[in-house]
Structures are given as structure tokens and as C-alpha cells.
Amino acid sequence: MKYQIIKEAMEHLLRKHHLSHISELKVGENLFKHRFSTGCSMSNCNGVCCKLGVYADVRERDKILSHVDLIHKYMEPHQEHNPERWFDADESDDKDFPSGRAIGTIAMDYGCVFLDSAGRCILQKACTAEGMPPYFLKPFYCVAFPVTVDHGFLIVDDVELENRPPCCIIDPKGSLNVFDVCPTELEYVLGREGAEELRTLFNSAK
């Protein structure tokens, strides 16, 4: 069984992606197999998937902390304004992140410390309002969700959460695949050539 898993991973190796820190990006089987409910759309997201906080590269943390005044400008009163309480104290080794080091954001009673009352990311909100690229401060894996990289495998994060809106609900009998629901996220993670290569692999695996 282990040999078969390794063999399938080798057959589904992406070579045209732009994640330079991952020398061999393999496609997890769940990315091809998962189906989504009819009507699912990432535009329906309300941020409930961020309720436990998220992981960021330590360099992303440093960039965020270098823009404290900007972030404060768009925070709501209930949000934690003390930047010393925005991230966990401890970093961890993680090769899925460019620097090889990851750190979590603090989860408050309302979710990730950066979520506003509408479940929107204050980092993206601030950048958009200031005419900056919308994802300039937003951690990579936040933008990519539910697409993620886990131990070098490109997968769909299928974590089950209560009251999850119909944005990316896994449904074995669903009519949609990951390309129907997450085309923007796939291109963001892989780049245009990488996303096209993935689609070719997907079509050949049918």
C-alpha cells in the first residue's frame, strides 16, 4: 500500500508551479477526488474557517508588524489592537513555508485576531482601502484556502466546521470539482502555467 501511494504521488508531480521553496510539489489524491455541493462558491465565504486562527510564514508576520499603524486605522473597536497579542509566542519548523518557519495568529472569541465583525480579513480590507495590492499583507495560505500544501502535497483542506457556509463544502455526491469552485485559488498558489499543468493531470486521471 505504501509503495502504491508513493507511485501515485510520483505520477502526479507538478513541475511548472512557482513555489520555489518546494522542490517536488506532489498532488494529493483528495484534490482530484473531492467533490463539492452544487452552488458552492468562494464568494460565499464568511470567514468561519478562520475561527481557530491561521498559520503564516514568519516573514509574513514581520511584514504585518511593520504596518501596525495602517492596520489599526481599519480595525474595529472589539478587535485586539495590541500587536504583541496578534501572533503565538512560538515558531515552528515547516518546509511548506518559504522561510521554513511558521507561526500562528492568535484566535480570539470572534475568531482570528484579524477578522472583523463581518468575518472579513482586516489585512485585506486595509490594503484595498489604501489602494495597495489586496493580498499585500494577507498570509499566503489564507488567500489559498481551501487549497493548501501539506508536507509537500497540494491538497484540499477538508476540515469540518459548524455553520460553514456553502463556499467549499465537501460532498461525495456533489456535481462540482476543485476547478469549478477554486480556480482563482489554484492559480494563486501555482501560477497560470502550474494551474494549467494541474488541469492536464486532472483530465488525464479521469
Please note which helices (runs of 4 or more DSSP H) are completely contained in the range 3-80 and include at least 1 residues that are modelled with pLDDT of 95 or more and among the acidic types (Asp, Glu). 58-65, 68-74
If ASN203 satisfies all but one of (1) in a loop (DSSP other than H, G, I, E, B); (2) assigned by TED's automatic domain parsing to the domain that holds LEU13, what's the number of the condition it fails? (1)
Odd one out for ILE155 among (1) over 14 Å from the mean Cα position of the chain (by Cα); (2) in a strand (DSSP E or B): (1)
Is it true that LYS95 is part of a loop (DSSP other than H, G, I, E, B) and crowded, with 20+ Cβ neighbours inside 10 Å? no
Candidates SER204, SER175 - the one that is polar (S, T, N, Q) and touching a Lys or Arg at 6+ places or on another chain (Cβ under 8 Å): SER175
Please determine, by comparing only the residues of the range 133-161 that are among the charged types (D, E, K, R) and farther than 19 Å from ALA195 by Cα, which one is modelled with the lowest pLDDT. GLU160
Would you please list the contacts, defined by Cβ atoms under 6 Å and residues six or more apart or on different chains, that run from a residue in the range 74-95 that is without any contact (Cβ under 8 Å) to a residue 60 or more places away in the chain and in the same structural domain as GLY131 (by TED's automatic domain parsing) to a residue that is acidic (Asp, Glu) and surrounded by 14 or more Cβ atoms within 10 Å (Cβ to Cβ)? GLU76/ASP116
Inside the range 125-151, the number of residues satisfying the requirement of being under 14 Å from the mean Cα position of the chain (by Cα) and either in a helix (DSSP H, G or I) or not basic (Lys, Arg) (or both) is 14
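The values are calculated or read from the model by the stated rules, or taken from the named source; none is laboratory data. Being a predicted model, the structure only gives us computed values, none of them experimental. Cβ: placed from backbone, ideal geometry, glycine included. Neighbour counts: every protein chain shown.
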